[in-house]
Each structure stands twice: as structure tokens, then as C-alpha cells.
1. May I ask you to list the residues in segment 112-158 that are β-branched (Val, Ile, Thr) and assigned to a helix (DSSP H, G or I)?
2. In segment 213-253, which residue that is hydroxyl-bearing (Ser, Thr, Tyr) and either at pLDDT below 85 or more than 26 Å from Ile281 (Cα to Cα) (or both) is surrounded by the fewest Cβ atoms within 10 Å (Cβ to Cβ)?
3. Could you list all residues from segment 112-144 that are farther than 23 Å from Tyr174 by Cβ and not hydroxyl-bearing (Ser, Thr, Tyr)?
4. Being open to solvent by 70 Å² or more (accessible area, probe 1.4 Å) and either at pLDDT 80 or above or of a type outside the set (A, V, I, L, M) (or both): is that true of Lys2 here?
5. Taking the criterion of being of a type in the set (S, T, N, Q), at pLDDT below 95, open to solvent by 70 Å² or more (accessible area, probe 1.4 Å) and within 15 Å of the chain's Cα centre (by Cα), would at least one residue in segment 137-155 satisfy it?
6. Among residues belonging to segment 169-191 that are of a type in the set (A, V, I, L, M) and touching a helix residue (DSSP H, G or I) at 6+ places or on another chain (Cβ under 6 Å), point out the one that is farthest from Phe25 (Cα to Cα).
7. Return the pairs, sorted by first residue and then second, in which the second residue is of a type outside the set (S, T, N, Q) and part of a loop (DSSP other than H, G, I, E, B), the first residue lies in segment 270-284 and is over 15 Å from Asn253 (Cα atoms), the beta carbons are less than 7 Å apart, and the residues are 6+ apart or on different chains.
8. Filter segment 254-282 down to residues that are within 22 Å of Asn218 (Cβ to Cβ) and at pLDDT below 85 and give me whichever is most open to solvent (accessible area, probe 1.4 Å).
Amino acid sequence: MKYKLGYLLLAFIFFISYVRSQDKFSQLDFSSIDSFARTVKYKNGLIPMTNILTQNYSQPIEKLRSIFIWITENIKYDCGFLNKDEEPKGFECEDDSITCAFKFKEWEMKYISKVLKKKKAICQGYSMLLKKMCDLSGIQCEIISGYIKNKPYQIGIPLSVTHAWNAVRIDSLYFFLDATWAAGYCPQCVFESEFYCKYKKHYNNYYWLTPYEKLIRNHYPANGKLQMIPNYTKEVFFDNMYFYGQYALENINVISPTTGVIEAKVGDTIHFKFTYAGPQIEKLQVNTNIWKN
């Protein structure tokens, strides 16, 4: 009898801290931009603030970095939303296209204003805010909705569209950003009088201009838009392995097996082959997602 074996990769306990840049702008030093962006306060509206963030920079990549850092620094994920059994409210309109376009602009600004006022958002708010600030700065930006893989038990099962992130076009190339995952996370929910999820602010540069081949390890666009690898379907994504942690995502390149769902018989030997490009590590684990094993 055959059984399916899902697995995850876990890389941790590094002797040194390591972050590897992942795109054509890897040699740029953004430290001064980052420091400046973190000092800007939201006061007199989105347009003036966006101008303040970008007016000192001539290159689109510099403007984008200032915007991205401001959002990840100032907007918290609405962890309380995780407790609500409801979908985020999107825009709906049954009028003609011109009227709907006008109504969308109104709805969009109200939604973004609410995010800025509360300094909280879910992925929809993060991605909408980033796109709007890019629009104001002359940067081509899109919102992408799709599937994500953030738990080991998700290997080999159909997923639902639950996330949104952004794609930007700079120098004729597309790059991907996920301000939601870059800003921080909700580590756990505790039960008091009710479930309470506390946000943990933790900037993760991995989701800044992530190359597509790295992004699709845990993100997949719902409508196939900007699909850049032939035959990499959503079904392939569903079966893909789960990489635990930033270091595994950045540094491990799996050669075989090519899927996270393995068909094997009891007594078979399963071989794993991969390369590792990071610094010296103390421990590397390859686990199944079956808790009994």
C-alpha cells in the first residue's frame, strides 16, 4: 500500500546572522533611506506624506524603498481580524463602468484613510496603501491576490485565496513585495475573556523585491497573472514543500524531490538532494508534516 508523505525543510540556529539580497539592486545601500522613512509621521494627508517620503530621491527604487519602509514601520497587522469569521470587504458596484470607476476611487480613499487613522490593516489594506503611494510617486504597481503556504499541514491540499501582495515594474523588470509579511506577524493567540492576538513587529527584508522563483515557494497568484515559470500551476504549488523560516527560504535550493508530496512504500529509502548557500549552520532538519512521525 502506498502512502503520501509531506515534508518541510527547517533551517535554524545559525552561528552568524545573515541576510542575502535577492535582486539586481542588491548592492545599493538603503540605510539612510530607511532611517529617514522611519522618522516621517502621518499628519496632513496621504499626498503630502508621500511627497515628503519621496521628494529627496530621484530614482524609482529609492522612492519605493522609502514608501515600503514607512508602511512596514507604521502599519500593524490587525491580528484581531483573525478571530472574525468573515471575509474582508471588497468593492462592489452594479452601475455603469464610469460610475463604478468614480465610486471605486471614493471607496479606495475611505478604506486607505481608515488604515492610516487606525494604523492597522490586513493584507488588503497593506497592498492597497502601497499601490496608492506608488501611484502618487509615478511607480508602476499592481495588487496581486492569491494563495499562500504558511503552515506545514498545507502540503498537498487545495488552498483558498486568502492573501494580497504587490508587484512593481522597474527598469522593465517585475519585482514582488509583501509589505504584510515584511512588517511583522501575529505569533500566537491566547485565551483571556476571548481570544486575543498580539501583533509582533519584526521587519523581514526577504519580502522586499523578492525574485519570482523565491516568492512562489509560499505565494501563488490566483489568476495566473505574472506567472513567470511555465507549467508551474496552482496544483503544483499546493503540492510544493513547505520552507520554514527566512534562512531556509533564502539559502536552500532543493534538487530532488521536486514536490513536497512523496509516494512511497513502507521500507523504501527516500533520498533528499539540495544545495545550501548560506553561512555555517549548526542544525538542518527535514521533517514530515505528519505529527506522529
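1. Restricting attention to segment 112-158, the residues satisfying the condition of being β-branched (Val, Ile, Thr) are 112, 115, 122, 139, 143-144, 148, 155, 157.
Of everything in segment 112-158, those that are β-branched (Val, Ile, Thr) and assigned to a helix (DSSP H, G or I) turn out to be Ile112, Val115.
2. First, pick out the residues of segment 213-253 that are hydroxyl-bearing (Ser, Thr, Tyr): 220, 232-233, 242, 244, 247.
With the extra rule that they be either at pLDDT below 85 or more than 26 Å from Ile281 (Cα to Cα) (or both), the set shrinks to 220, 232-233, 244, 247.
On the way: Tyr220: 24, Tyr232: 16, Thr233: 13, Tyr244: 18, Tyr247: 24.
Per the criteria, the residue is Thr233.
3. If we filter segment 112-144 for residues that are farther than 23 Å from Tyr174 by Cβ, which is where we start, we get 112-122.
Within segment 112-144, Ile112, Lys114, Val115, Leu116, Lys117, Lys118, Lys119, Lys120, Ala121, Ile122 meet the criteria.
4. Working: open to solvent by 70 Å² or more (accessible area, probe 1.4 Å): yes; either at pLDDT 80 or above or of a type outside the set (A, V, I, L, M) (or both): yes.
Yes: the conditions hold for Lys2.
5. no
6. Let us first name the residues in segment 169-191 that are of a type in the set (A, V, I, L, M), namely 170, 173, 177, 179, 182-183, 190.
Add one more test, that the residue is touching a helix residue (DSSP H, G or I) at 6+ places or on another chain (Cβ under 6 Å), and what stays is 170, 179, 182-183.
On the way: Ile170: 11, Ala179: 18, Ala182: 18, Ala183: 20 Å.
Step by step, filter segment 169-191, then rank; the result is Ala183.
7. Gln280/Phe15; Glu282/Phe15
8. Restricting attention to segment 254-282, the residues satisfying the condition of being within 22 Å of Asn218 (Cβ to Cβ) are 254-262, 272-278, 281.
Subset that is at pLDDT below 85: 278, 281.
Values: Gly278: 24, Ile281: 43 Å².
For segment 254-282, the residue satisfying everything is Ile281.
The values are calculated or read from the model by the stated rules, or taken from the named source; none is laboratory data. Source: prediction; values computed, not measured. Note: ideal-geometry Cβ built from the backbone for every residue, glycine included; neighbour counts use all protein chains shown. When the accessible area is computed, the model is the full protein with side chains, heavy atoms only, and any ligands, DNA or RNA have been set aside. Shrake-Rupley method; radii C 1.70, N 1.55, O 1.52, S 1.80 Å.
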